[in-house]
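Notes for the one structure printed next.
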Amino acid sequence: MDGSGVGTGSWKRGFFTIWGGQAFSLMGSGLVQFALVWWLTVETGSATVLALGTLMGVLPQIVIAPWAGAYVDRWNRRLTMIGADSLIALLTVLLMLAFLWGAAEVWMLLLVMFGRATLAGFHWPAMQAATSMMVPEQHLGRVGGLNQAMYGLSNVIAAPAGAVLIALFPMWAVLSVDLVTALMAIAPLLVIPVPEPDRKGAPKPSLLGEMREGLAFLRGWKGALLVIVLYMVANLLLSPAFSLLPLLVIDHFQGGAGEYATMEALAGIGMLVGGMALGVWGGSRRRTRTMLASTLALSLAITALGIVPAELLPLAYVLSGAIGATLSLVNGSMMAMMQASVPFAIQGRVFALISAGVTAMMPVGLLIAGPLGDALGVRAWYLIAGIPMTLLTLMYMASPTVVHLEDQVMDGSAKDAKERDERSPGA
């Protein structure tokens, strides 16, 4: 392996064909999600219904994801992705028929949103675990950056595209976009093989026992739980900052929908640029350094957003772009570090456990931030969130245990790395 960038090599053709199909599927899902939320908004005008819609998307990630991850480690990961994409498309077809027949109701949309999020809880760990086995270790950071760029592009394109389609076509026709993009995701998986980990050996424990194995791995990996705690705290403190952004625009910057849309679009563009930069660069040799430095920059940007005077709205726009870019660097480098370090056979359950723990902090943070924002003013939360996260990240950057996390190679990781490199000639 020559350590060259992503460009040639036999692994790239298969992986990026699958990746391209998944990218189109993500765009379609984002567009449909926007359309569903917009229909709920127009049809009900209820904040409670919109909150329920958000809960339908978050709850499966917290409750179902750990179980889904354990199943992903048992099942064929390629077939898991095909099954998840197909069932999501089936839910979309059922909802299309409801709209076509004029029978769509709020509860139907909420149920479909819950079902889509549940199936995504199976798809995401399967795709991440498959990526670990298809991509050479030195390119995982680049692929993580490209994933973040894809998310950023989806954020930029999905909402305006959804708005245009809603204005031009009936709702059932808008939803049909999801079927086309789902087919684009499924087709490559039908013909391109995806490597599977070696599952031979001792009889499998119970599903709960397998989940415990994933947790035991994290406990035994020196420094891993510390990092997970850091990002649980980050989600607790920083996620509400994004939810409160419309109020910051209205109450502090005296702006409206245009100003809010501009900040959201710039954050999406920042994610795209940050992801592309990581895709070219690949991150530092110690991915934890890239991860922590980006977390520090993100925390400082959130803090600054709470300090910017009302007359300096352009500076807030710049900070929005910086927040999006640093998010890409944080998420891309962290996932690459995990993919390179966690043994193939347990990646599904480990990734799902991490996702569930981090995601669980989002509703907790919102419950705290809402009352505090009402009592102290919305700007206060950006300081309450940003300053402690800045100090905590600096403490982590000074911890040898965390900085050298990747040096603690666990049983199976070195063997997996060798197997992956032998499977990926010409990388």
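The relative contact order of segment 76-220, computed from alpha carbon pairs under 8 Å that lie at least 6 residues apart in sequence, is 42 percent. I'm spelling it out carefully: the read-out is volume of the Cα convex hull per residue in Å³, the candidates are [x] 137; [y] 149; [z] 194, and one was derived from this structure. Which label? For volume of the Cα convex hull per residue in Å³, the calculated option is [x]. Among the trypsin sites (Lys or Arg not before Pro) in segment 258-309, those placed in a DSSP loop whose Cβ has at most 15 other Cβ atoms within 10 Å are ARG285.
Debye-formula intensities of segment 98-252, expressed as log10 I(q)/I(0) at q = 0.17, 0.20 Å⁻¹, are -1.50, -1.57 (one equal scatterer per alpha-carbon, no solvent). Taking only the alpha carbons of segment 160-294, we obtain Rg and Dmax values of 22.2, 64 Å in that order. Once you have the Kirkwood Rh of segment 258-297 from its Cα pairs, apply Stokes-Einstein at 37 °C and 0.692 mPa s and quote D in µm²/s. D = 287 µm²/s.
The residue list GLY53, GLY256, ILE192 was ranked by how far each Cα lies along the charge dipole of the chain toward its positive end, using unit charges on Cβ atoms, and ILE192 comes out on top.
Over the Cα atoms of segment 32-104, the radius of gyration divided by the Kirkwood radius equals 1.06; this is the Rg/Rh ratio. Net charge dipole, segment 185-283: roughly 580 debye, given to the nearest 20, about the Cα centre with Cβ charges of +1 for Lys and Arg and -1 for Asp and Glu. About the centre of its Cα atoms, the chain shows a dipole size close to 980 debye [charges on the beta carbon of Lys, Arg (+1) and Asp, Glu (-1) only; nearest 20 debye]. Note on the chain: with a GNM built from Cα contacts shorter than 10 Å, the maximum mean-square fluctuation among LEU383, LEU168, LEU272 falls on LEU168. Summary of packing: across the peptides 170-177, 336-343, the per-residue average of other C-beta atoms within 10 Å ranks them, highest first, as 336-343, 170-177.
Free of any GluC sites (Glu not before Pro) that DSSP assigns to a loop and that have at most 13 other C-beta atoms within 10 Å, the longest stretch within the chain is 106-310.
With only alpha-carbon atoms in the gyration tensor, what are the semi-axes of the equivalent ellipsoid for segment 290-353, in Å, largest first? Could the numbers behind the result be given before it?
Values: eigenvalues 226, 17, 14 Å².
So the three semi-axes of segment 290-353 are 34, 9, 8 Å.
Placing unit charges on each Cβ (+1 for Lys and Arg, -1 for Asp and Glu) gives the chain a dipole about its Cα centre, and among PRO388, VAL106, GLY373 the Cα reaching farthest toward its positive end belongs to PRO388. Its Kirkwood hydrodynamic radius, worked out from the mean inverse distance over all distinct Cα pairs, puts segment 20-172 at 16.7 Å. The equivalent ellipsoid that matches the C-alpha gyration tensor of segment 226-328 spans semi-axes of 26, 16, 11 angstrom, in descending order.
Compute the distance from the alpha-carbon center of segment 71-90 to that of segment 229-280, in whole Å. Segment 71-90 and segment 229-280 have Cα centres separated by 32 Å.
Dipole check for segment 132-210: with +1 at the C-beta of Lys and Arg, -1 at the C-beta of Asp and Glu, and the Cα centre as origin, the magnitude is about 60 Debye. Other residues within the sphere of radius under 11 Å centred on the Cβ of HIS123, judged by their own Cβ, net out at +1 (K and R +1, D and E -1).
Every number in this text was worked out from the coordinates using simple rules, so none of it is lab data. Computed from a predicted structure; not experimentally measured. As a convention, Cβ positions derive from the backbone with ideal geometry for all residues, glycine included, and neighbour counts pool all protein chains shown.
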